[in-house]
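A.B. asks: I'd like to ask you about the structure that follows.
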Amino acid sequence: MIKNVNIKDVASYDSVGSTVDLRRINYIYGSNGTGKTTISEFLRNTTHPNHISCGINWDNGNSESDLFVYNRNFVQENFNISNEIKGIFTLGKESTDITVLIDEKKNDVEKHQERIGKLRNNIEKKKEELSNLQSIFTNQCWNLKLNYDETFEEAFTGLRNNKKKFMERCLYEVKHNNKDLYTYEELKSKISSVFKSSQEKVSVIPEVSDNTFLEKQSIFQTKIIGKKDIDIASLISKLNISDWVQQGHKQMEETNGICPFCQQELPNDFQGKLDEYFDETYTEQIRMLNSSIEKYKNNTTEFFEKYNFLKSEDMPYIDKERMKSLFELINSTYKENIQLLERKRLEPSRSVELRTITSYIEQINSEVKQANIQIAELNKVIDNLKEEKEKLIQHIWRFIVEENKGYYESYITSYNQINLAITGMEKNRQIQREYKGRIEKEIIELQNQLTSVVPSIHEINKLLKSFGFTNFELAESKEPGHYKIIREGGEDANETLSEGEKTFITFLYFYQLINGSNEQDKVNTPRVVVVDDPISSLDSNILFMVSNLINNLKKMVRSNDSNFKQLIILTHNVYFHKEISFNKGHNNKKLNDETFWIVRKTNNKSSIYEYDENPIKNSYELLWKELKENSNSITTPNIMRRILENYFKFFGNIDVEQIIEKFPEEEKLVCKTLLSWVNDGSHHINDDLYVDTNQEGTQNYINVFKRIFQNSMHESHYNMMMGD
């Protein structure tokens, strides 16, 4: 069985998508256009590029069942008027002897399968034994590594934290290392001269970036003063007391009209003049000044955090004293500049010129460049040691091979014995599989003697007649294994079938197909059946006939000795849903082997919701429920149309033309659309009429829908159903 299905990134399903957890019997309801067929089409063709983001999970991890899917694409593929119909092979009843022989061979297949299973178990045990052997040898190699890790660390680089890789390297060296064998003391001496010397490549020292542009910001030189074209400005400017006045201005809000300096009462309009003097331009310049000061301070901190390493004693070829002196000069300059800036903050009218550190940075970088020249020369010399190091590493591994010799010989002897046993059992298993395959082929050949497309023709024709379809039937085609549809006189009927006839015979064909197969060798395979909207424009008699067929299929799915394992039904028809989901004595409660789902589409996004009980309680109530919960859905006009049909057909004697005439011209078309069912006739089950509208158009339909009830004197019913 299918455990769950995940639909996402396809059609109207977004990247989050929806997951449907399934049981034996599954009901999925949704109006036309909500995304039901996207689900069935994924199950019909899971490998299609459009379904790359979708997923299907089976109970046992992989599929042992064939998927049979009925949807509109199945109809189009199997009943194209230019093609004949593929025949359905089913088991016949012609030969008891052949049937007995098939059963005997099936028993042989089971015996071979049992032997294959035993061999599989024995192989797994031997592989587990082999795994334990490898684990022991791996630990033995690792203990050797631990003993010599400190001395041979350079040779063990890349392997020091991985037991498996170290063991694999030991095995590799046994087969490929033929270097001369040195003693441990000889290797230690060579390691001291090659690895332990100070001749290591040195990284290039990064130069200091010159980001002294903050020193040159114009706001530091700008004299920040108040507005000049007011009467107090000239006095402030003449006395050069802008900063002093500004400090007093900050305190005026707390002095209640008293001068904060002389404690005298201020003129009534004095604060207003000061507010005008220190206008938005002044405030913005102060903000820019404060921001620039903070940036300069942050830049100072970041500079020392980034480049303090240049003063380290570990830096090669750097004049440490000179570098420290330059950093002290930079630090002193920064401190002086910050003092100037803080004074500027207190006295914004002051113009400040900051000292630059550019010359110090240039001197630092000069030192760095000279050091990098020497580093490059050193690294060039060290490169010649690479070959000697590689040779020494090979000699170290030759020593390890010798130290590990006893463990290796014991390991490889046991390994070969176990591996030989596994190889023998795998060969025997392959022989058993071939025997089993030959017998299965013989079974197929015997079944071919029994299988035929003729019984399926009789079954479908019998069903057609029982449902009252007597003016056409199926017959064998000239092409072997195919059908054709003929009228009573024998002429080809494929091009003259009505939509209802075509839909019904297609479903009967599918119903017979799931009991057989288009392929002779697959008539008895386990199967999962998916049925997507098997009725559309069929009349009510056919609805109940199809419902009976589905209910019969449900019984087979629930039967333990049936090859039907799971059923998934998708429909937009509430009447059909009610017929197939009814469980006598359980009301709307779902059984343990059932699930109920509704597909909704809101803002052009489809989502699938699970219900703890059958959500289709009453078809008419459901339509109102759909309207209330999804008033902005693209299917809203169709839902309103179906409500009107159900309600006004029940009351009868409703003058539709009189209702339409009560609407203004611009709304009559919408009203006619909602009442279009009048001309459809009463003997058909109402199908969805798809109306493509935007959100504004949908609201127009909702308004007209309500006024139809008002104009027909049925507003109280509208209010009751909408909960108004």
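The values are calculated or read from the model by the stated rules, or taken from the named source; none is laboratory data. For clarity, every value in this text was computed on a predicted model and none was experimentally measured. Backbone-built Cβ (ideal geometry, glycine too); neighbour counts: all protein chains shown.
A.B. asks: Please specify each residue of region 282-324 satisfying the condition of being among the charged types (D, E, K, R) and touching a residue at least 60 places away in the same chain (Cβ under 8 Å). First the steps, then the outcome.
C.D. replies: Here is the first cut: in region 282-324, the residues among the charged types (D, E, K, R) are 284, 287, 294-295, 297, 302, 305-306, 311, 313-314, 319-322, 324.
Correct list: K295 only.
A.B. asks: Moving on. Residue under question is G55, and the condition is that it be in contact (Cβ under 8 Å) with a residue 40 or more places away in the chain and more than 16 Å from I569 (Cβ to Cβ); does it hold?
C.D. replies: Numbers: in contact (Cβ under 8 Å) with a residue 40 or more places away in the chain: yes; more than 16 Å from I569 (Cβ to Cβ): yes.
When the stated conditions are applied, G55 passes them.
A.B. asks: Looking for whichever is in contact with an Asp or Glu (Cβ under 9 Å, 6 or more places away or on another chain), closer than 30 Å to K118 by Cα and hydrophobic (A, V, I, L, M, F, W, C) here; the options are I382, I418. Which one fits? Before you say what the answer is, go through the steps one by one.
C.D. replies: Details: I382 fails: closer than 30 Å to K118 by Cα.
On inspection, the qualifying residue turns out to be I418.
A.B. asks: Return yes or no: is T46 more than 23 Å from N603 (Cβ to Cβ) and either of a type in the set (S, T, N, Q) or part of a loop (DSSP other than H, G, I, E, B) (or both)? Outline the logic, then answer.
C.D. replies: Numbers: more than 23 Å from N603 (Cβ to Cβ): yes; either of a type in the set (S, T, N, Q) or part of a loop (DSSP other than H, G, I, E, B) (or both): yes.
Answer is yes for this residue.
A.B. asks: Continuing with the same structure: Condition first: hydrophobic (A, V, I, L, M, F, W, C) and surrounded by 14 or more Cβ atoms within 10 Å (Cβ to Cβ). Now tell me which residues in region 413-427 satisfy that. Working first, answer last.
C.D. replies: Of all residues in region 413-427, those hydrophobic (A, V, I, L, M, F, W, C) come to 418, 420-422, 425.
Of everything in region 413-427, those that are hydrophobic (A, V, I, L, M, F, W, C) and surrounded by 14 or more Cβ atoms within 10 Å (Cβ to Cβ) turn out to be I418, A421, I422, M425.
A.B. asks: Then there is this: Could you say whether any residue in region 318-338 is over 21 Å from S351 (Cβ atoms), at pLDDT below 85 and surrounded by fewer than 12 Cβ atoms within 10 Å (Cβ to Cβ)?
C.D. replies: Kept after step one, since they are over 21 Å from S351 (Cβ atoms), are these residues of region 318-338: 318-332.
From the residues that got through so far, the ones that are at pLDDT below 85 too are none.
For region 318-338, residues over 21 Å from S351 (Cβ atoms), at pLDDT below 85 and surrounded by fewer than 12 Cβ atoms within 10 Å (Cβ to Cβ): absent.
A.B. asks: Continuing with the same structure: All but one of (1) among the polar types (S, T, N, Q); (2) at pLDDT 70 or above; (3) in contact with a Leu (Cβ under 7 Å, 6 or more places away or on another chain) hold for Q199; which doesn't?
C.D. replies: Answer for Q199: the failing condition is (2).
A.B. asks: Could you list, in sequence order, the residues of region 390-444 that are of a type in the set (G, A, S) and modelled with pLDDT of 90 or more? Walk me through how you get there before you give the answer.
C.D. replies: From region 390-444, those of a type in the set (G, A, S) are 406, 410, 414, 421, 424, 437; that's our starting set.
G406, S410, S414, A421, G424, listed by residue number.
A.B. asks: Another question about this same structure. Within region 625-645, count every residue that is surrounded by fewer than 19 Cβ atoms within 10 Å (Cβ to Cβ) and at pLDDT 75 or above.
C.D. replies: Residues flagged as surrounded by fewer than 19 Cβ atoms within 10 Å (Cβ to Cβ) and at pLDDT 75 or above within region 625-645 amount to 3.
A.B. asks: If you don't mind, another one. Can you tell me how many residues within region 500-538 are modelled with pLDDT under 70 and outside any loop (DSSP other than H, G, I, E, B)?
C.D. replies: Counting residues in region 500-538 that are modelled with pLDDT under 70 and outside any loop (DSSP other than H, G, I, E, B) gives 5.
A.B. asks: List pairs: first in region 100-125 and within 30 Å of I418 (Cα to Cα) and buried (at least 17 other Cβ atoms within 10 Å of the Cβ), second among the acidic types (D, E) and at pLDDT 90 or above, Cβ under 7 Å, 6+ apart or cross-chain?
C.D. replies: As it stands, the answer is I123/E426, since those pairs meet every condition given.
A.B. asks: Okay, next question. Taking N461, is it at pLDDT 75 or above, assigned to a helix (DSSP H, G or I) and either acidic (D, E) or surrounded by fewer than 14 Cβ atoms within 10 Å (Cβ to Cβ) (or both)? First the steps, then the outcome.
C.D. replies: On the way: at pLDDT 75 or above: yes; assigned to a helix (DSSP H, G or I): yes; either acidic (D, E) or surrounded by fewer than 14 Cβ atoms within 10 Å (Cβ to Cβ) (or both): no.
Spelling it out, it is not the case that N461 is at pLDDT 75 or above, assigned to a helix (DSSP H, G or I) and either acidic (D, E) or surrounded by fewer than 14 Cβ atoms within 10 Å (Cβ to Cβ) (or both).
A.B. asks: Here's a follow-up. In the set L378, L392, L354, L326, which member is within 30 Å of K216 (Cα to Cα), part of a helix (DSSP H, G or I) and among the aliphatic types (A, V, I, L, M)? Explain how you work it out, then say what you get.
C.D. replies: Values: L378 fails: within 30 Å of K216 (Cα to Cα); L392 fails: within 30 Å of K216 (Cα to Cα); L354 fails: part of a helix (DSSP H, G or I).
On inspection, the qualifying residue turns out to be L326.
A.B. asks: Still on this structure, I have one more. Counting only residues that are assigned to a helix (DSSP H, G or I) and exposed (fewer than 15 other Cβ atoms within 10 Å of the Cβ), which one in region 652-671 is modelled with the highest pLDDT? Full working, then the answer.
C.D. replies: Looking only at region 652-671, we keep the residues that are assigned to a helix (DSSP H, G or I), and these are 656-661, 665-671.
Then keep just the ones that are exposed (fewer than 15 other Cβ atoms within 10 Å of the Cβ); that gives 657-658, 661, 665-666, 668-669.
Values: E657: 76, Q658: 79, E661: 83, E665: 77, E666: 72, K668: 78, L669: 75.
Within region 652-671, the match that is modelled with the highest pLDDT is E661.
Table: residues versus (1) touching a Pro at 6+ places or on another chain (Cβ under 7 Å); (2) at pLDDT 95 or above; (3) not in a helix (DSSP H, G or I).
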position: V16; (1), (2), (3): no, no, yes
position: T37; (1), (2), (3): no, no, no
position: N50; (1), (2), (3): no, no, no
position: N57; (1), (2), (3): no, no, yes
position: E64; (1), (2), (3): yes, no, yes
position: V75; (1), (2), (3): no, no, no
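A.B. asks: Follow-up. Of the residues S351, S312, which single one is at pLDDT below 85 and in contact with a helix residue (DSSP H, G or I) (Cβ under 6 Å, 6 or more places away or on another chain)? Give the steps one after another, and end with the answer.
C.D. replies: Details: S312 fails: in contact with a helix residue (DSSP H, G or I) (Cβ under 6 Å, 6 or more places away or on another chain).
Matching residue, one of S351, S312: S351.
A.B. asks: Sticking with this structure for a sec: Scan region 5-14 for residues that are polar (S, T, N, Q) and modelled with pLDDT under 95 and jot them down.
C.D. replies: Here is the first cut: in region 5-14, the residues polar (S, T, N, Q) are 6, 12.
Answer for region 5-14, where residues must be polar (S, T, N, Q) and modelled with pLDDT under 95: just S12.
A.B. asks: Would you confirm, using the coordinates I've provided, whether N416 is free of Cβ contacts under 8 Å to residues at least 12 places away in the same chain and either in contact with a His (Cβ under 8 Å, 6 or more places away or on another chain) or not basic (K, R) (or both)? Quick ask: steps written out before the conclusion?
C.D. replies: Numbers: free of Cβ contacts under 8 Å to residues at least 12 places away in the same chain: yes; either in contact with a His (Cβ under 8 Å, 6 or more places away or on another chain) or not basic (K, R) (or both): yes.
Yes: the conditions hold for N416.
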